[in-house]
1. Could we say that residue 330 is touching a helix residue (DSSP H, G or I) at 6+ places or on another chain (Cβ under 6 Å) and surrounded by 19 or more Cβ atoms within 10 Å (Cβ to Cβ) here?
2. Considering the range 270-283 alone, what residues qualify as being surrounded by 13 or more Cβ atoms within 10 Å (Cβ to Cβ) and either under 19 Å from residue 389 (Cβ atoms) or touching a helix residue (DSSP H, G or I) at 6+ places or on another chain (Cβ under 9 Å) (or both)?
3. Of the residues 310, 285, which is assigned by TED's automatic domain parsing to the domain that holds residue 341 and over 21 Å from residue 335 (Cβ atoms)?
4. Do we find a residue being closer than 25 Å to residue 72 by Cα and either at pLDDT 95 or above or out of contact with any helix residue (DSSP H, G or I) (no Cβ under 6 Å at 6 or more places or on another chain) (or both) anywhere in the range 176-191?
5. For residues in the range 72-99 being surrounded by 12 or more Cβ atoms within 10 Å (Cβ to Cβ) and over 30 Å from residue 124 (Cβ atoms), which is nearest to the chain's Cα centre (by Cα)?
6. Determine which member of the set 343, 362, 379, 337 is over 24 Å from residue 284 (Cβ atoms) and assigned by TED's automatic domain parsing to the domain that holds residue 278.
7. Of everything in the range 366-407 that's in a loop (DSSP other than H, G, I, E, B) and on the phi > 0 side of the Ramachandran plot, which residue is surrounded by the most Cβ atoms within 10 Å (Cβ to Cβ)?
8. Name the residue, out of 344, 310, 335, that is in contact with a strand residue (DSSP E or B) (Cβ under 7 Å, 6 or more places away or on another chain) and over 30 Å from residue 401 (Cβ atoms).
């Protein structure tokens, strides 16, 4: 027989009595304590603080002995503002047949108590129960799990958990998400956004790069149970490892370009050159001499003489698509053009200067009214020949806050 090394306590060995304390001590420090199922409060009287606690299943300990407790019916309790705001569970082993778990409204805690939730009071009225401090079992299978409510309806419950925020972590509390606004047959994607919020959408593309939790299919009766919820949690993701040559981490832990590196998505004009003196609309640019890009936040500079000979006796089309956060107005300044320039936003002509314009002190305003979402900006310039040519249209369209470069 093996030697008893380390003064071992084995529960339960052959021929040992199966007493309750021996069974209960077996689970201490091996089975996570917490509320496994149910145990959510519904306010029944806001003025008095009365709530009804749904049936629950929990593992609870007094620090030495641990038991599983299940309630089979709802329990009524009264929360009291400032002196008994919390609903808790408490259990102590005495060896008596009356060793039942206590369900208390209190602000005084023992170290092994399980917290159900806290009452929030406004102007002397109980307005809500929050589960920010709820004691949840440290069990992988419950982490951010999407599940039906105790009585299935149009809402689903999000189990609590944590998400990485780059420079730290964000806690997500036990909460309900109402999906009643979606149509029958919609597949709703529930995911964690970049700021740690739980959100949902029927458009798959919206969760690209986000932490997807579940896919919920809306049934004909709108009542959501386990059959409509597809678990989509992935707990092992390939990490994004920057090479520190082109990509690095910012001080907040997010990826960014290394200083000085020009991305494929650097703001720029795409330029088309046509062998024609008089093009004035983008649709005319079909047969081209050349195509290229010039980095720019919005300014266009074509110099005189032969420094930019692609513009001499030709027409140019300068194109850029930007994304606007809401409606924005951007103003460019036209200091010089020889000969003509036409500015289009979303295919509509918004400015033109036909004929030479030259002013170092009184530039013309070129106003671009951007709508929410993507905006196509096109500038047509032509030079009808002669000694001089050029365009000086300056100003930033892109500010990398409200207006971002797309293509």
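The values are calculated or read from the model by the stated rules, or taken from the named source; none is laboratory data. Because the structure is a prediction, the values reported are computed rather than measured. Here the Cβ is made from the backbone with ideal geometry for all residues, glycine too, and neighbour counts use every protein chain on show.
1. Working: touching a helix residue (DSSP H, G or I) at 6+ places or on another chain (Cβ under 6 Å): no; surrounded by 19 or more Cβ atoms within 10 Å (Cβ to Cβ): yes.
So residue 330 does not fit the description; no.
2. Keep residues of the range 270-283 that are surrounded by 13 or more Cβ atoms within 10 Å (Cβ to Cβ), which gives 270-274, 276-277, 279-282.
Once the filter is applied, which keeps residues that are surrounded by 13 or more Cβ atoms within 10 Å (Cβ to Cβ) and either under 19 Å from residue 389 (Cβ atoms) or touching a helix residue (DSSP H, G or I) at 6+ places or on another chain (Cβ under 9 Å) (or both), the range 270-283 yields 271, 272, 273, 274, 276, 277, 279, 280.
3. After applying the criteria, what remains is 285.
4. Just the residues of the range 176-191 that are closer than 25 Å to residue 72 by Cα, to begin with: 176.
Next, from what is left, pick out any that are either at pLDDT 95 or above or out of contact with any helix residue (DSSP H, G or I) (no Cβ under 6 Å at 6 or more places or on another chain) (or both): 176.
Checked against the condition, which is being closer than 25 Å to residue 72 by Cα and either at pLDDT 95 or above or out of contact with any helix residue (DSSP H, G or I) (no Cβ under 6 Å at 6 or more places or on another chain) (or both), the range 176-191 yields at least one hit.
5. Residues of the range 72-99 surrounded by 12 or more Cβ atoms within 10 Å (Cβ to Cβ): 74-75, 77-81, 84-93, 99.
Next, from what is left, pick out any that are over 30 Å from residue 124 (Cβ atoms): 91-93, 99.
Numbers: 91: 39, 92: 43, 93: 45, 99: 46 Å.
Looking at residues that are surrounded by 12 or more Cβ atoms within 10 Å (Cβ to Cβ) and over 30 Å from residue 124 (Cβ atoms), I get 91.
6. When all the criteria are applied, what remains is 362.
7. Residues of the range 366-407 in a loop (DSSP other than H, G, I, E, B): 371-372, 383-389, 395-402, 406-407.
Then drop every residue that is not on the phi > 0 side of the Ramachandran plot, which leaves 385-386, 395, 400.
On the way: 385: 12, 386: 11, 395: 17, 400: 10.
It comes out as 395.
8. Details: 344 fails: over 30 Å from residue 401 (Cβ atoms); 335 fails: over 30 Å from residue 401 (Cβ atoms).
When all the criteria are applied, what remains is 310.
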